[in-house]
Amino acid sequence: MKRDDELLRRILIDTEAQNDWLIFVSRAMNQSQQDREFGYHVELLSDAGLMTKVSDSGYRMTNQGHDYLEAIRSDTVWNKTKQGAAQVGGMTLGMMKDLAIAYFKQEVAGKLGINF
């Protein structure tokens with residue numbers, strides 16, 4: 001299954017928007033394709049340290065996940081990040097995180113008139 005960076009972003013946004021701090025991944029045998037994709041991408045977020053497993057099927061967002069989400073929440077930063085990745089033919093998730101944070105810092109610096 002191919003990694004879908006849009007889905008990763010959507011999962012982080014949706015997780016933060018919930019009233020609960022946990023999300024659950026179904027482990028049912030006959031899952032829909034959508035449920036399998038969701039579960040796989042939650043595992044990828046966990047692999048990257050953006051989410052952590054707290055039970056057999058429960059996950060929570062880590063502080064690092066919140067930081068990454070803060071950077072990619074802006075559509076402007078997110079679109080620049082995706083364009084940057086496309087220019088070089090793709091990036092690892094870690095590189096995308098670093099690039100997004102760099103763009104976010106650039107945006108903040110411009111608004112506040114400071115350098116990081």
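Consider segment 58-91 and keep the residues that are in contact with a Leu (Cβ under 6 Å, 6 or more places away or on another chain) and part of a strand (DSSP E or B). The one that is farthest from Glu6 (Cα to Cα) is Gly58.
Residue-wise test of (1) within 17 Å of the chain's Cα centre (by Cα); (2) open to solvent by less than 40 Å² (accessible area, probe 1.4 Å).
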residue	(1), (2)
Thr81	yes, yes
Gln87	no, no
Thr92	yes, no
Asp98	yes, no
Ala102	yes, no
Glu107	no, no
Gly110	no, no
Ile114	no, no
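Taken over segment 47-63, the residue count meeting the criterion of being touching a residue at least 24 places away in the same chain (Cβ under 8 Å) and either in contact with a helix residue (DSSP H, G or I) (Cβ under 8 Å, 6 or more places away or on another chain) or not hydroxyl-bearing (Ser, Thr, Tyr) (or both) is 9. Asp14 falls short of the stated requirement of being under 14 Å from the mean Cα position of the chain (by Cα) and touching a residue at least 60 places away in the same chain (Cβ under 8 Å).
Yes/no matrix, rows are residues, columns are (1) at positive phi; (2) buried (at least 18 other Cβ atoms within 10 Å of the Cβ):
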{"position": "Thr15", "(1), (2)": "no, yes"}
{"position": "Gln34", "(1), (2)": "no, no"}
{"position": "Gly49", "(1), (2)": "yes, no"}
{"position": "Ser57", "(1), (2)": "no, no"}
{"position": "Arg60", "(1), (2)": "no, no"}
{"position": "Asp67", "(1), (2)": "no, no"}
{"position": "Glu70", "(1), (2)": "no, no"}
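Against the definition (out of contact with any helix residue (DSSP H, G or I) (no Cβ under 9 Å at 6 or more places or on another chain), free of Cβ contacts under 8 Å to residues at least 60 places away in the same chain and over 30 Å from Lys111 (Cβ atoms)), how does Gln33 come out, yes or no? Against the criterion (out of contact with any helix residue (DSSP H, G or I) (no Cβ under 9 Å at 6 or more places or on another chain), free of Cβ contacts under 8 Å to residues at least 60 places away in the same chain and over 30 Å from Lys111 (Cβ atoms)), Gln33 qualifies.
Confirm whether Asp98 is within 15 Å of Ile11 (Cβ to Cβ) and not in a loop (DSSP other than H, G, I, E, B). No: the conditions fail for Asp98.
For Lys2, the conditions (1) under 17 Å from Thr92 (Cβ atoms); (2) out of contact with any Ser or Thr (no Cβ under 8 Å at 6 or more places or on another chain); (3) open to solvent by less than 60 Å² (accessible area, probe 1.4 Å) all hold with the exception of (3).
The values are calculated or read from the model by the stated rules, or taken from the named source; none is laboratory data. As the structure is a prediction and not an experimental result, all values here were calculated from the model. Every residue, glycine as well, gets a Cβ built from its backbone with ideal geometry; the counts of neighbours run over all protein chains shown. Protein only, heavy atoms only, side chains kept; ligands, DNA and RNA dropped before computing areas. Shrake-Rupley method; radii C 1.70, N 1.55, O 1.52, S 1.80 Å.
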